[in-house]
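What follows is a short report on a single structure.
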Amino acid sequence: MEIPDCVGDLVPAHVRGRVHSVFRRACNIETESGELITLLAGDLDNLPHGIRLARPVASFSAWLREGQAATLEERMLRVPDAGFTLSLSGAAIWRGTVSAPSVEALHMRLASPDAGNIAVALRELRATLLAHAPEQGIAPLLRDDRNARSPLDRALATRLTNVLPDMAHATRKRDAGAIAALAARLVGLGEGLTPSGDDFLVGYLAALWSRADREQGIDTLLRKLKAPLEEIFSQTHAISRQMLSDALQDRFAEGLVDVVRALSGSGHVVDATLQALRSGHSSGADTLCGLLFGVSPALIAQEKQSRLQSRAARPWQNVSGAGPAAPIAC
């Protein structure tokens, strides 16, 4: 095998484990501690626990099978039963943080006379998300509850209606206990290896991390959330659990990081959003819904025909602590 192009900064240096799951363009290796290291084809986005190859691959299933033993030591990943060896020594390190100085401009813009620019950027994100999101998942339900066609969709819409206004209020109050209790009602909600509720929470945590350096109490809130959310996240699927665990450490997939940076002025919002929407079937869209909610909850509900906004209009105002952003008409 060739040398990988990038290695996520949360990939451990020395581990033993087994092949957990194999897909065409990705493969997960579970370590003895329960972490997942993800091998990625070269055309996929980087991940905090990811090892991305320099080029696309035909299929990882051509080499690997579930249950095969794996080791990572001395910058070499080996799956002996598959004759699979991968050198990490020449790979670049990729850091998927959203709280780096490069995104601090987001909050400077929110608090400055230039705040209208971030309002435009957030509207662009919302419009692109709703225009291009798949028919499944959270995005169509936020656009209009009548899009809830199946019993699962209706249950998801009801849960969002009951949880999100209270979660917005708890975020404004920096109430870690209430946020954790409400997050417990979203974890595992939906279909797939990364259910919609889990993806939404990843986006929400990305929003909190992006705000932590500029808003009073957010950094403390994130520290208080770590222990209760780790316990709650242990209840979901292993792949989703790793994604949520990384989010608690301010580590996110490349597509989401690029969207946050675009909002700060370091990139094109529409292009970054379209790229992020390519993740999974509805995972990218669900994650971006969580990001919008975490920055300004009013942005994920329409002014008309929205049970989410009408149920608790006042708590949805100024949740971000950045006055000019919250009253944006959707």
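The values are calculated or read from the model by the stated rules, or taken from the named source; none is laboratory data. Every value quoted in this text rests on a predicted model; they were computed, and no experiment measured them. Positions of Cβ are generated from backbone atoms using ideal geometry, with glycine treated the same way; all protein chains shown enter the neighbour counts. With ligands, DNA and RNA removed, areas are computed over all heavy atoms of the protein, side chains included. Shrake-Rupley method; radii C 1.70, N 1.55, O 1.52, S 1.80 Å.
Among the residues of segment 77-89, is there at least one that is in contact with an Asp or Glu (Cβ under 7 Å, 6 or more places away or on another chain), open to solvent by less than 40 Å² (accessible area, probe 1.4 Å), part of a loop (DSSP other than H, G, I, E, B) and touching a residue at least 40 places away in the same chain (Cβ under 8 Å)? I'd like the intermediate steps shown before the answer.
Keep residues of segment 77-89 that are in contact with an Asp or Glu (Cβ under 7 Å, 6 or more places away or on another chain), which gives none.
No, because not a single residue in segment 77-89 is in contact with an Asp or Glu (Cβ under 7 Å, 6 or more places away or on another chain), open to solvent by less than 40 Å² (accessible area, probe 1.4 Å), part of a loop (DSSP other than H, G, I, E, B) and touching a residue at least 40 places away in the same chain (Cβ under 8 Å).
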Test set (1) open to solvent by less than 60 Å² (accessible area, probe 1.4 Å); (2) assigned to a loop (DSSP other than H, G, I, E, B); (3) touching a residue at least 24 places away in the same chain (Cβ under 8 Å) - residue 71 fails condition number: (2)
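Is it true that some residue in segment 185-195 is in contact (Cβ under 8 Å) with a residue 24 or more places away in the chain and in a helix (DSSP H, G or I)?
Taking segment 185-195 as the starting set, the residues that turn out to be in contact (Cβ under 8 Å) with a residue 24 or more places away in the chain are 185-195.
Okay, now just the ones that are also in a helix (DSSP H, G or I), so none.
Checking segment 185-195: not a single residue is in contact (Cβ under 8 Å) with a residue 24 or more places away in the chain and in a helix (DSSP H, G or I).
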Residue in segment 16-31 that is more than 22 Å from residue 193 (Cβ to Cβ) and either among the basic types (Lys, Arg) or more than 20 Å from the chain's Cα centre (by Cα) (or both) present: yes
Exclusive hit being open to solvent by less than 10 Å² (accessible area, probe 1.4 Å) and modelled with pLDDT of 95 or more, set 181, 206, 176: 206
Residue in segment 245-253 that is among the hydrophobic types (A, V, I, L, M, F, W, C) and open to solvent by 10 Å² or more (accessible area, probe 1.4 Å) present: yes
Criterion violated by residue 37 - all others in (1) open to solvent by 50 Å² or more (accessible area, probe 1.4 Å); (2) of a type outside the set (Ser, Thr, Tyr); (3) at pLDDT 90 or above; (4) touching a Pro at 6+ places or on another chain (Cβ under 9 Å) satisfied: (1)
Tally, over segment 45-81, of residues that are of a type in the set (Val, Ile, Thr) and touching a helix residue (DSSP H, G or I) at 6+ places or on another chain (Cβ under 9 Å): 1
Verdict on residue 152 being in contact (Cβ under 8 Å) with a residue 12 or more places away in the chain, over 26 Å from residue 224 (Cβ atoms) and surrounded by fewer than 16 Cβ atoms within 10 Å (Cβ to Cβ): yes
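For segment 207-240, how many residues meet the condition of being in contact (Cβ under 8 Å) with a residue 40 or more places away in the chain and either under 17 Å from residue 175 (Cα atoms) or among the basic types (Lys, Arg) (or both)? Walk me through it before giving the result.
Narrowing segment 207-240 to residues in contact (Cβ under 8 Å) with a residue 40 or more places away in the chain: 207-218, 220-221, 224-225, 228-229, 232-233, 235-240.
If we keep only those that are either under 17 Å from residue 175 (Cα atoms) or among the basic types (Lys, Arg) (or both) as well, we get 207-209, 211-212, 214-218, 220-221, 224-225, 228-229, 232.
Total meeting the criteria: 17.
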Flag if residue 270 is within 16 Å of residue 117 (Cβ to Cβ) and either surrounded by fewer than 20 Cβ atoms within 10 Å (Cβ to Cβ) or modelled with pLDDT under 95 (or both): yes
